[in-house]
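> Pasting a structure here, questions to come.
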Amino acid sequence: MADLKYGDLNALFINTTLTKSPETSHTQTLIDMCGAIMEKQGVSVESFRAVDYTIAPGVQPNMRKAGWDDDAWPELWPKVKNADILVLAGPIWLGDNSSEMKKIIERLYAHSAQVGDDGLPVYYQKVGGALFTGNEDGLKHCAMNVLYSLGHIGYTIPPDADAGWLGEIGPGPSYGDKMDDGSHAGFERNFTNQNTTFLAWNLMHMAAILKQHPIPAHGNVPSAWEDGERFGFEPPQA
């Protein structure tokens, strides 16, 4: 830990709740806890609710060019591009990710062919994680979907890159709700607190490592392969 520095890292949390501001978002409560761990180490943390913006569905960087009258994503994209750490967070509905989560993943995918100054895909030197809250099962299913999607487009996924809280099945308090005894639902759940801590630290660790030791172009960029290599190796001849 002594040689890893976190003060130059930027973290972005995208909250895919279906609840617009300023109404309470239980997912935001968990985001704030995770973000506080990072901020204590000097990480610059920012978050926004996707539902607060008119983000058009689609897989183009700017859906205005694809017939949509309005699309806030081009203005939000610099936040994503600047973030060393991206955490997609959201509620669980019917055991699955929210519609806003699906839309954000599609818009992230729209930039997967773009490259940075190093010639690598724009997401290659970044790390990704996921957070969830809900009153029904589906946390691991949602995490598998999000983490695979992030890894597929180029994000590095560290160990224990997902965390969440689940309440009782059916109606009941949601994460952070104040209870009759003055406590808050979920705040004493050791499993959630432990995994959220693992998530925050492993994201910081991996992001700091990539800052010092970026993924090299060789093996990922054809122009960096040895002369005569079409695929980075010589396939067997038919």
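The values are calculated or read from the model by the stated rules, or taken from the named source; none is laboratory data. Remember, predicted model here, so these are calculated numbers, not experimental data. Every residue, glycine as well, gets a Cβ built from its backbone with ideal geometry; the counts of neighbours run over all protein chains shown.
> When residues of segment 21-56 are filtered for being within 17 Å of Phe132 (Cα to Cα) and of a type in the set (S, T, N, Q), how many remain?
6
> Here is a further query. Please give the number of the condition Glu75 fails out of (1) assigned to a helix (DSSP H, G or I); (2) closer than 25 Å to Thr156 by Cβ.
Condition not satisfied by Glu75: (2).
> Output the number of the condition that Gln41 fails; it satisfies all remaining conditions of (1) touching a strand residue (DSSP E or B) at 6+ places or on another chain (Cβ under 7 Å); (2) surrounded by fewer than 19 Cβ atoms within 10 Å (Cβ to Cβ).
Gln41 satisfies every listed condition except (1).
> Quickly run through segment 112-136 and pick out the residues that are of a type outside the set (A, V, I, L, M) and within 15 Å of the chain's Cα centre (by Cα).
Those that are of a type outside the set (A, V, I, L, M) and within 15 Å of the chain's Cα centre (by Cα): Ser112, Tyr123, Tyr124, Gln125, Lys126, Gly128, Gly129, Phe132, Thr133.
> Here are some residues: Val146, Val87. Which one is outside any helix (DSSP H, G or I), β-branched (Val, Ile, Thr) and buried (at least 22 other Cβ atoms within 10 Å of the Cβ)?
Answer to the check: Val87.
> Taking Leu139, is it under 18 Å from the mean Cα position of the chain (by Cα), within 23 Å of Leu199 (Cα to Cα) and modelled with pLDDT of 95 or more?
no
> Of these, Gly119, Gly164, Gly170, which one is more than 24 Å from Gln212 (Cα to Cα), assigned to a loop (DSSP other than H, G, I, E, B) and among the small types (Gly, Ala, Ser)?
Gly170
> A further question follows. Does Ser25 satisfy the condition of being farther than 22 Å from Ile209 by Cβ and within 19 Å of the chain's Cα centre (by Cα)?
Considered against the rule, which asks whether it is farther than 22 Å from Ile209 by Cβ and within 19 Å of the chain's Cα centre (by Cα), Ser25 comes out as yes.
> Filter segment 90-110 down to the residues that are over 15 Å from the mean Cα position of the chain (by Cα) and not in a helix (DSSP H, G or I), then identify the one that is nearest to Gly219 (Cα to Cα).
Among those residues, the one meeting the criterion is Ala110.
> Any idea how many residues of segment 5-35 are surrounded by 15 or more Cβ atoms within 10 Å (Cβ to Cβ) and either outside any helix (DSSP H, G or I) or small (Gly, Ala, Ser) (or both)?
Final tally of qualifying residues: 14.
> Report every pair of residues separated by at least 6 positions or lying on different chains whose Cβ atoms are under 7 Å apart, first residue within segment 103-116 and among the acidic types (Asp, Glu), second in a loop (DSSP other than H, G, I, E, B).
Glu106/Pro57; Glu106/Gly58; Glu106/Val59
> Within the set of pairs 6 or more residues apart or between chains, which connect a residue that is of a type in the set (Phe, Trp, Tyr) inside segment 195-208 to a residue that is not in a helix (DSSP H, G or I) with Cβ atoms less than 6 Å apart?
Phe198/Asp160
> Quick check on this structure: which one of Asp177, Asp160, Asp181 is acidic (Asp, Glu), surrounded by fewer than 21 Cβ atoms within 10 Å (Cβ to Cβ) and at positive phi?
None of the others qualify; the one that does is Asp160.
> While we're here: If a residue must be under 20 Å from Gln114 (Cα atoms), without any contact (Cβ under 8 Å) to a residue 60 or more places away in the chain and within 10 Å of the chain's Cα centre (by Cα), how many such residues does segment 152-163 contain?
1
> Looking only at segment 44-75, which residues are in contact with a strand residue (DSSP E or B) (Cβ under 7 Å, 6 or more places away or on another chain), farther than 17 Å from Thr197 by Cα and not hydroxyl-bearing (Ser, Thr, Tyr)?
Correct list: Glu46, Phe48, Arg49, Ala50.
> Here's something else I'd like to know. For segment 36-59, which residues satisfy the criterion of being assigned to a helix (DSSP H, G or I), small (Gly, Ala, Ser) and without any contact (Cβ under 8 Å) to a residue 40 or more places away in the chain?
If the condition is that a residue be assigned to a helix (DSSP H, G or I), small (Gly, Ala, Ser) and without any contact (Cβ under 8 Å) to a residue 40 or more places away in the chain, then Ala36 is the only one that fits.
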